[in-house]
Amino acid sequence: MIQLVRGFKDVLPGEIELWQDIEDIMRNIFEEFGFTQIRTPILERTELFARGIGATTDIVEKEMYTFSDLKNESLSMRPEATASVVRAYIEHKMYAQNPVQKLYSMGPMFRRERPQKGRYRQFYQINAEVFGLYSPKIDAELILILMTLMDRLSLTEVVLHINSLGCERCRPAFKERLQIFLAERIETLCPDCRRRYEVNPLRVFDCKAQGCRESLEGAPTILDHLCEECRNHFNEVRDFLNRFQISYKVNPRLVRGLDYYTRTAFEVLAAHLGAQNAVAGGGRYDGLVKALGGPAQPGVGFAVGLDRLASLLSDRAPGLVKQPNVFIAALGDRAQDRAFVWLQALRFEGIRTEMDVEDRSLKSQMRQADKSGASYVLIVGERELEEGAAVWRDMNTKEQETVPLEEVVEFVKKSVMGIASA
Ligand code: HAM
């Protein structure tokens, strides 16, 4: 038997309903906040991610599915959406029409990380990006959108962490300070961090190795090295979060795994997810559009990890599979044919209806009806056809009544809709 590729998974019926609910809620929120959808391809030129996310990040160094196609062009499966959305913003000159664009997208991402609970090699993100606005109001607005999603999903056991990563004016000095600090502890760093120390010292904050964590005790923090503009920007973001009554934790060690961030960075962490506990992350990236060949336009955004969100909710919510309203038990060829036409007519009326088209025994069909969770069963066999009336059974009260054959659709509609609107 051919099995799934390691780190990949199927989302099955029974599970998918929750995913769809989350997507619907998020889509509604985006519409309320004036966003429009964008879909970008799964495959892009490798260079887009190398330049966009940063050549020395783990994602680009070791986690991308990269291959050369027939013309020796290096292509990669997207590990995230931001670089692609920025490419589209530039390529289609969306900024020329209006530099301010509020875009959302949903879809699969690919990272060849070591699989574990909550970490997959294909996972799904819901992504938001806003271009063209420097104001801290927008950072706060994006966080508000994210926390509104958590709220509508009744996810109270999540914590928002925020930080500022400074800008190209204040960060270099901080990097130097950090390098000086790390230089004295270089022996205690893991081999990866010794390399990071040279090329990208902020990455050391992301390392999970015990030695590296201990070495960072007493390390300088970026928040103490922000320039005045960055400090004011960060304070304003915090001020709006307070006004929106969004609680947060300032975490000066939050650096994020992608290099494009400037100023605001944030993550939403869940208490019950184990090691892979980030359900969402994002921040501001004021230099990225220009770095990818576009005009000097700022950006800010976030991505929610749908797999992790669904796993958090599945621990709590019972299956959200939509049960049929009506099951038609039809016996014999003539009744089967008549029922099959009712089946479709009722579905067009918006009534979830099922039947067994294999014409199994009444006992078997009643068992199926019971298992399906249908509230009503319509029973029709040779005798009912001759008498001109089908039997309508309420599965909760077990009460039965008869319905003239010509009135079946109208009757079912009234009974089911009547209950639905009660
Ligand atoms: P990220 O923090 O790399 O950010 O990913 C966002 C979310 O995707 C994570 O918080 C997590 O829930 C989920 N995720 C990441 N990797 C995996 C995985 N291997 N398995 C399951 N879930 C995963 C970004 O991707 C940025 N592009 C976000 C952003 C948008 N920043 C600005 N705009």
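The values are calculated or read from the model by the stated rules, or taken from the named source; none is laboratory data. If you're wondering where the values come from, they're calculated on a predicted model, not measured in any experiment. Positions of Cβ are backbone-derived with ideal geometry, glycine not excepted, and every protein chain shown enters the neighbour counts.
So here's what we get for this one:
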{"quantity": "Failed item in (1) within 22 Å of residue 412 (Cα to Cα); (2) within 18 Å of the chain's Cα centre (by Cα), with residue 307 passing the rest", "calculated": "(1)"}
{"quantity": "Any chance residue 104 is in a helix (DSSP H, G or I) and modelled with pLDDT of 95 or more", "calculated": "no"}
{"quantity": "Residues within the range 278-292 that are free of Cβ contacts under 8 Å to residues at least 40 places away in the same chain and either away from the ligand (no atom under 12 Å from the Cβ) or polar (S, T, N, Q) (or both), tallied", "calculated": "1"}
{"quantity": "Residue that is farther than 17 Å from residue 301 by Cα, surrounded by 21 or more Cβ atoms within 10 Å (Cβ to Cβ) and of a type outside the set (Phe, Trp, Tyr), where the choices are 60, 85", "calculated": "60"}
{"quantity": "Residue satisfying all of: in the range 58-78; touching a residue at least 12 places away in the same chain (Cβ under 8 Å), out of contact with any Gly (no Cβ under 9 Å at 6 or more places or on another chain) and outside any loop (DSSP other than H, G, I, E, B); farthest from the ligand (Cβ to nearest atom) among these", "calculated": "74"}
{"quantity": "Pair list, Cβ under 9 Å, 6 or more apart: the range 106-132 residue farther than 15 Å from residue 58 by Cα, other residue of a type in the set (D, E, K, R) and assigned to a strand (DSSP E or B)", "calculated": "128/102; 129/102; 130/102; 131/102"}
{"quantity": "Qualifying residue in the range 79-86 (condition: assigned by TED's automatic domain parsing to the domain that holds residue 40, within 15 Å of the ligand (Cβ to nearest atom), part of a loop (DSSP other than H, G, I, E, B) and in contact with a Ser or Thr (Cβ under 6 Å, 6 or more places away or on another chain))", "calculated": "yes"}
{"quantity": "Residue satisfying all of: in the range 247-277; among the aliphatic types (A, V, I, L, M), in contact with a Ser or Thr (Cβ under 8 Å, 6 or more places away or on another chain) and part of a loop (DSSP other than H, G, I, E, B); farthest from the ligand (Cβ to nearest atom) among these", "calculated": "273"}
